[in-house]
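Chemist: One structure coming up, written as structure tokens, with questions to follow.
The values are calculated or read from the model by the stated rules, or taken from the named source; none is laboratory data. Since the structure is predicted, the reported quantities are computational estimates derived from the model, not experimental observations. Neighbour counts run over all protein chains shown; Cβ positions are idealised from the backbone, glycine included. When the accessible area is computed, the model is the full protein with side chains, heavy atoms only, and any ligands, DNA or RNA have been set aside. Shrake-Rupley method; radii C 1.70, N 1.55, O 1.52, S 1.80 Å.
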Amino acid sequence: MNRQHYHALSENAIMIDFGKQLSIEKNARILTLAEQIANNPFLGFVESVPSYTTLTVYYNPINFHQDSFKQVCLLLDTYLTEMEENNYQSRIVTIPVCYDESFGFDLEEVASHNNLSTEQVINLHQTNEYHVFFLGFTPGFPFLGGMDARIAAPRKKIPRTNIPAGSVGIAGQQTGIYPIASPGGWQIIGRTPMSLLQIKQQPPTMLKPGDKIKFQSISKQAFLNFTSS
Amino acid sequence: MGIRIIEEGLLTTVQDLGRFGYQSSGFSVSGAMDSWAMQLANIILDNDKGEAVLEMSFIGPSITFEADMIISLTGADMSPKINEKVVKNGKPLSVKNGDTLTLRTAKSGIHCYLAIKGGLDLPNFLNSKSTSLRAQVGGFHGRKLVVGDIIPILTPIQAASFNWSLSPFLFDYISSNDLTIRFLEGRQYDWFTNQSKQHFETEAYQTTTQSDRMGYRLKGMPIHFIHSKELLTEATTFGTIQVPASGQPIILMADRQPTGGYPKIGQVINVDLATLSQVRPSQSFTFLKSTLKEAQTLMNTRQQQLSSLQTFCTLKWKEWDRCK
């Protein structure tokens, strides 16, 4: 058992460390492990939470007589040894975004920060394909990788107290979408009319870790039609 | 048929043991801040220990019962009265249709729990009745309770008064003056200077008034990093002690986000979460380092204690059933 990969986050959670660097391949391994545990759970398994370079496994210590940490580590070793190689299937999801200035409050600021026109920012933002590493922060909030460094911009000095649901933003080298209205410091460049939460369905979020997404520019009229349809 | 809020209090929400299975979709676990007191409120009534209850924080509400029922109160002492008559925490209380429970400001601690025998008649959202305030889901319409709300209950029960109660010693942690919160080393424990690690264990910390169900913000000796390093966002849990750039720690509580990007100096051990949740702003406490082995043993002992209290209460209710 290679103990250094395991960290007891608490008495009922083990964080498995997959190493320092983040990559799409590593993310696929993390998500594959998560899926294999979920499909074939050990007694006492509660849930697992992926992040950039870790998978955290929550369990109920009541199911173990003593030293549950050690026993769960041994179980996780077995999953890791028997893990099939990255068979994680990615979907491609297209997300319509209206980059109109009435939604993209900070589009101008992002453009001038990078010496670009607003059209160039929009083009660069919708050219790349993004990878959903995991969801967190708020329900359905995707942590995305793959943004063009030419449109990176620092967070707002004074965070907004309320960013509307659907807002698409940039913070440093990251881009993301706010599924629910929340406070935040991201530079807002547009808004999607698509709901990232579908709380009556399983799963309750539109995006899943491992998905690929593309942004597609739509007009304000298309945005309004989408909302009312 | 239910309980009607006639005076609001400061923050009253419906909570159970939390929403598990959806953290990877970004949903907070939520659930009771003090799950020890919350489970005991249910155990007193022979409910499932994870049945949804009302969590009432800082200032309690006033409630009119719109059916006969049996209730229990645990946790913070909010000077409970039923129809102006003083009643006690920690025992079954029989109330009649039209009776009013009044609660005041907590005398010590923060959170008081009200359980109803048979439970609340509310729908599950993603396997739980816990209110998640930020996402506005679960509990009673995803929000705190306000004047005029009627929370339906499942089973009205008529009963005479009860002459037994749980030992008040079970709730001693709420009024204790000598507060020590034990912790395990966090994953980034080595990121902090030796001096700061020492301060963390010897200096007194207090929670600030900016604290809420998501996190307790601390003030005290600032904690310094050896180098400034960026942490890639990773999982957090109830009791995770994060240190942002300001150096003033934040302890993540029930409504925490599933993931966070601040380095973790420590993790509050499970059996001390109840104590921590009841610490009032400006009340001082100190941290003490524990080990995983000690924390696991304490947690097992606590579980056994809960089971034996459950056995005791179940017996009391069997007697009651026979004598009815």
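Chemist: So which of A:Tyr59, A:Tyr99 ends up being in contact with a helix residue (DSSP H, G or I) (Cβ under 8 Å, 6 or more places away or on another chain), modelled with pLDDT of 95 or more and not assigned by TED's automatic domain parsing to the domain that holds A:His7?
Modeler: A:Tyr99
Chemist: Are any of the residues in the stretch B:137-148 part of a helix (DSSP H, G or I) and surrounded by 19 or more Cβ atoms within 10 Å (Cβ to Cβ)? Outline the logic, then answer.
Modeler: Applying the first criterion (part of a helix (DSSP H, G or I)) to the stretch B:137-148 yields none.
Within the stretch B:137-148, not a single residue is part of a helix (DSSP H, G or I) and surrounded by 19 or more Cβ atoms within 10 Å (Cβ to Cβ).
Here is a yes/no grid of residues against (1) more than 14 Å from chain B (Cβ to nearest Cβ); (2) surrounded by fewer than 21 Cβ atoms within 10 Å (Cβ to Cβ); (3) in a strand (DSSP E or B); (4) over 23 Å from the mean Cα position of the chain (by Cα):
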{"position": "A:Asn27", "(1), (2), (3), (4)": "no, no, no, no"}
{"position": "A:Glu35", "(1), (2), (3), (4)": "no, yes, no, no"}
{"position": "A:Val46", "(1), (2), (3), (4)": "no, yes, yes, no"}
{"position": "A:Tyr52", "(1), (2), (3), (4)": "no, no, no, no"}
{"position": "A:Val57", "(1), (2), (3), (4)": "no, no, yes, no"}
{"position": "A:Ile62", "(1), (2), (3), (4)": "no, yes, no, yes"}
{"position": "A:Leu75", "(1), (2), (3), (4)": "yes, yes, no, yes"}
{"position": "A:Ser90", "(1), (2), (3), (4)": "yes, yes, no, no"}
{"position": "A:Ser102", "(1), (2), (3), (4)": "yes, yes, no, yes"}
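Chemist: Looking only at the stretch B:74-114, which residues are open to solvent by less than 10 Å² (accessible area, probe 1.4 Å), farther than 22 Å from B:Gly148 by Cβ and hydrophobic (A, V, I, L, M, F, W, C)?
Modeler: Matches in the stretch B:74-114: B:Ala76, B:Ala106, B:Ile110.
Chemist: Where residues in the stretch B:276-298 are β-branched (Val, Ile, Thr) and open to solvent by 10 Å² or more (accessible area, probe 1.4 Å), which of them is nearest to A:Phe143 (Cα to Cα)?
Modeler: Per the stated criteria, the residue is B:Thr291.
Chemist: Filter the stretch A:104-152 down to the residues that are within 14 Å of chain B (Cβ to nearest Cβ) and not hydrophobic (A, V, I, L, M, F, W, C) and list them by number.
Modeler: A:Gly136, A:Thr138, A:Pro139, A:Gly140, A:Pro142, A:Gly145, listed by residue number.
Chemist: Another question, then. Give the stretch A:179-195 a look and list any residue that's surrounded by 20 or more Cβ atoms within 10 Å (Cβ to Cβ) and out of contact with any Leu (no Cβ under 6 Å at 6 or more places or on another chain), or say none.
Modeler: Selection gives A:Ile180, A:Gly184, A:Trp186, A:Gln187, A:Ile188, A:Gly190, A:Arg191, A:Thr192.
Chemist: Continuing with the same structure: Looking for something surrounded by 15 or more Cβ atoms within 10 Å (Cβ to Cβ), in contact (Cβ under 8 Å) with a residue 24 or more places away in the chain and touching a His at 6+ places or on another chain (Cβ under 9 Å) - is there at least one such residue anywhere in the stretch A:127-146?
Modeler: Looking for residues that are surrounded by 15 or more Cβ atoms within 10 Å (Cβ to Cβ), in contact (Cβ under 8 Å) with a residue 24 or more places away in the chain and touching a His at 6+ places or on another chain (Cβ under 9 Å), one finds at least one in the stretch A:127-146, hence yes.
Chemist: Right, another one. So which of B:Ser72, B:Ser130, B:Ser94 ends up being touching a strand residue (DSSP E or B) at 6+ places or on another chain (Cβ under 9 Å), modelled with pLDDT of 95 or more, outside any strand (DSSP E or B) and of a type in the set (Ser, Thr, Tyr)?
Modeler: Residue meeting the stated conditions: B:Ser130.
Chemist: On to the next question. State all residues of the stretch B:230-261 that are closer than 28 Å to B:Thr13 by Cα and of a type in the set (Ser, Thr, Tyr); if no residue qualifies, say none.
Modeler: Of everything in the stretch B:230-261, those that are closer than 28 Å to B:Thr13 by Cα and of a type in the set (Ser, Thr, Tyr) turn out to be B:Thr236, B:Thr237, B:Thr240, B:Thr259.
Chemist: Which one is nearest to the other protein chains (Cβ to nearest Cβ), of the residues in the stretch B:149-185 that are among the hydroxyl-bearing types (Ser, Thr, Tyr) and assigned to a loop (DSSP other than H, G, I, E, B)?
Modeler: Ranking the qualifying residues of the stretch B:149-185, first place goes to B:Ser176.
Chemist: Scan the stretch B:257-275 and tell me whether some residue there is aromatic (Phe, Trp, Tyr), more than 12 Å from chain A (Cβ to nearest Cβ), open to solvent by less than 70 Å² (accessible area, probe 1.4 Å) and closer than 26 Å to A:Thr56 by Cβ.
Modeler: Within the stretch B:257-275 (the criterion being aromatic (Phe, Trp, Tyr), more than 12 Å from chain A (Cβ to nearest Cβ), open to solvent by less than 70 Å² (accessible area, probe 1.4 Å) and closer than 26 Å to A:Thr56 by Cβ), the answer is no, since none of the residues qualifies.
Chemist: Only one of these conditions is not met by B:Ile59: (1) of a type outside the set (S, T, N, Q); (2) more than 22 Å from B:Leu166 (Cβ to Cβ); (3) within 16 Å of the chain's Cα centre (by Cα); (4) surrounded by 22 or more Cβ atoms within 10 Å (Cβ to Cβ). Which number is it?
Modeler: Every condition holds for B:Ile59 apart from (4).
Chemist: Looking at (1) buried (at least 17 other Cβ atoms within 10 Å of the Cβ); (2) more than 9 Å from chain B (Cβ to nearest Cβ); (3) acidic (Asp, Glu), can you tell me which one A:Glu85 breaks?
Modeler: Just one mismatch for A:Glu85, condition (1).
Chemist: Taking the conditions exactly as written (within 14 Å of another protein chain (Cβ to nearest Cβ) and surrounded by 17 or more Cβ atoms within 10 Å (Cβ to Cβ)), does A:Lys208 satisfy them or not?
Modeler: Yes.
Chemist: Continuing with this model, one more query. Go through the stretch A:1-25 and report how many residues are in a strand (DSSP E or B), open to solvent by less than 10 Å² (accessible area, probe 1.4 Å) and touching a residue at least 24 places away in the same chain (Cβ under 8 Å).
Modeler: Adding up the residues that qualify gives 5.
Chemist: Out of all the residues in the stretch B:1-45, which are among the charged types (D, E, K, R) and buried (at least 23 other Cβ atoms within 10 Å of the Cβ)?
Modeler: Within the stretch B:1-45, B:Asp16, B:Arg19, B:Asp34 meet the criteria.
Chemist: May I pose another question? Could we say that A:Ser217 is farther than 22 Å from A:Thr118 by Cβ, of a type in the set (Gly, Ala, Ser) and surrounded by fewer than 19 Cβ atoms within 10 Å (Cβ to Cβ) here?
Modeler: no
Chemist: Out of B:Ser196, B:Ser211, B:Ser165, B:Ser175, I need the residue that is loosely packed, with under 14 Cβ neighbours inside 10 Å and not hydrophobic (A, V, I, L, M, F, W, C). Which one?
Modeler: B:Ser175
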